[in-house]
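Data first, discussion second: the structure below is written as structure tokens.
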Amino acid sequence: MLIGRSIPLNFDLPTLQMIGHLPSDEPEKSEHEPVVPPLLERLVVSMPIWHLINITRETSASFLRHMEPGNFIVRFSDRANSLVLTYRRKLEDKVEHHVITNKRSENGGHNHYMLRGHSMTFATVPDLLVYYCEKGKLSLPRAVVNCESVAQLRNLALLGG
């Protein structure tokens, strides 16, 4: 089962191609009427906060132990040429690491992302994260959730990048 949203992809950096999205540059309605971004856009715009490519397994686990349950980091694997989702479990004070596999469709077309050992596939990594956020397993940091506009998210992301 493929879950995902169609968003145009036209960027050069390999990391961003792996993630699969860029934030929209559409202006907000007005300064007095901010547009509250949906979860997918929050994830895409806040990518510098959660997509930490050069962080190790040990550092990511240590960092997340001080964060709220459900918070996560996506990083490159120390061993495999793939991404890893590291998150703090919600019901236990435990950090888990799950490899994100990237499968190319049989006809050589689109990539499909999934957590190793799971059957659900997603068009992009942000789509995978949206699914697990909506299921209650993952959550964005409180500062990201509290942003009321794309502009606020961009400013916050500058601090995280």
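In this label model, residue 97 and residue 149 are separated by 4.1 nm, measuring between points 7 Å along each Cα→Cβ vector. The distance from the alpha carbon centre of the stretch 135-161 to that of the stretch 70-130 is 20 Å, rounded to a whole number.
Stretch residue 59-residue 142 to full length: gain in nm at 0.36 nm per residue minus the Cα-Cα span? The partial results should precede the final answer.
Working: separation 83, 0.36 × 83 = 29.88 nm, distance 2.08 nm.
The span from residue 59 to residue 142 would gain 27.8 nm if fully extended.
Given their separation in residues at 0.36 nm each and the Cα-Cα distance between them, residue 134 and residue 110 gain 6.2 nm when the chain is fully extended.
With a cut-off of at most 10 other beta carbons within 10 Å, and DSSP calling the residue loop, which trypsin sites (Lys or Arg not before Pro) in the stretch 45-119 qualify? Please list them.
On the way: sites: 57, 65, 75, 79, 88, 89, 90, 94, 103, 104, 116; in loops: 65, 79, 89, 90, 94, 116.
Counting only loop positions with at most 10 other Cβ atoms within 10 Å, the trypsin sites (Lys or Arg not before Pro) in the stretch 45-119 are 79.
Between residue 159 and residue 119, how high is the FRET efficiency from 1/(1 + (r/R0)^6) when r is the Cβ-Cβ distance and R₀ = 30 Å? Nearest 0.05. Efficiency for this residue pair is about 0.20.
Every number in this text was worked out from the coordinates using simple rules, so none of it is lab data. As the structure is a prediction and not an experimental result, all values here were calculated from the model. Every residue, glycine among them, receives a Cβ derived from its backbone with ideal geometry; neighbour counts consider all protein chains shown.
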